[in-house]
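The values are calculated or read from the model by the stated rules, or taken from the named source; none is laboratory data. Every value quoted in this text rests on a predicted model; they were computed, and no experiment measured them. As a convention, Cβ positions derive from the backbone with ideal geometry for all residues, glycine included, and neighbour counts pool all protein chains shown. For the accessible areas, the whole protein counts, side chains as well, though only heavy atoms, and no ligand, DNA or RNA atoms are used. Shrake-Rupley method; radii C 1.70, N 1.55, O 1.52, S 1.80 Å.
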Amino acid sequence: MNRFLLPLVAVIGLIIFLVMGLRHGDPRALPSPFIGKPAPQFELPTLKNPEVNIGSQHLAGKYSIVNVWATWCVMCRAEHDFLMDLSASKTIPIYGINWRDSRPDAIRWLADLGDPYIASAYDADGRVGIDWGVYGAPETFLVNPEGTVIYKHLGPLDPQIWDREFVARMEMEEASQ
């Protein structure tokens with residue numbers, strides 16, 4: 001009897017521990033160490049023209065979106081139509097970081113689906129993605145005019161997430177100034 005009691009108590013304890021952990025926030029949320037801190041500095045060649053660089057200096061002076069994407073990413077395709085609509089609205093500049101991808105595939109992907117980005121940096125080896133704390137694509141960062149990361153979203157964007165998470169943060173920040 002005792003030989004079954006100890007494993008049963010251990011399993012019950014583990015279940016209680018897991019349930020308590022899930023009750024404290026979104027289990028899908030992976031906090032970014034950059035929230036409230038300057039965006040990581042980077043400079044990479046652009047996807048379409050390796051002779052031209054893009055970097056963190058392009059984000060200064062305005063709210064900007066940095067969207068990490070790849071052609072192999074199924075959810076990147078799911079959010080692409082929304083990014084095209086957001087880009088067409090001229091609400092906010094969107095910069096892309098094409099992450100761990102094939103340059104020809106990425107160029108073809110944008111030619112076929114449309115290009116919502118002011119420019120896309122080409123991060124072939126993923127080092128800049130690591131600097132930004134990227135876990136996977138898509139990930140989208142909201143950077144304020146001072147160059148501070150004020151929000152990180154994991155997964156595809158849609159109009160509801162845009163309004164609830166991004167627009168709300170920009171409005172709160174502007175109201176507090």
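For the condition on the phi < 0 side of the Ramachandran plot, at pLDDT 95 or above and assigned to a helix (DSSP H, G or I), residue 14 does not qualify. Taken over region 59-84, the residue count meeting the criterion of being surrounded by 15 or more Cβ atoms within 10 Å (Cβ to Cβ) and modelled with pLDDT under 95 is 1. From the list 45, 50, the lone residue that is open to solvent by 20 Å² or more (accessible area, probe 1.4 Å) and not in a loop (DSSP other than H, G, I, E, B) is 45.
For region 126-133, the criterion of being among the β-branched types (Val, Ile, Thr) and open to solvent by less than 20 Å² (accessible area, probe 1.4 Å) is met by at least one residue. Taking the criterion of being touching an Asp or Glu at 6+ places or on another chain (Cβ under 6 Å) and either farther than 21 Å from residue 145 by Cβ or at pLDDT below 95 (or both), the only residue of region 85-127 that qualifies is 99. Note on region 134-166: residues that are open to solvent by 10 Å² or more (accessible area, probe 1.4 Å), hydroxyl-bearing (Ser, Thr, Tyr) and under 12 Å from the mean Cα position of the chain (by Cα) amount to 2. Within region 93-125, track down each residue that is hydrophobic (A, V, I, L, M, F, W, C) and open to solvent by less than 10 Å² (accessible area, probe 1.4 Å). Across region 93-125, the qualifying residues are 94, 97, 106, 110, 121.
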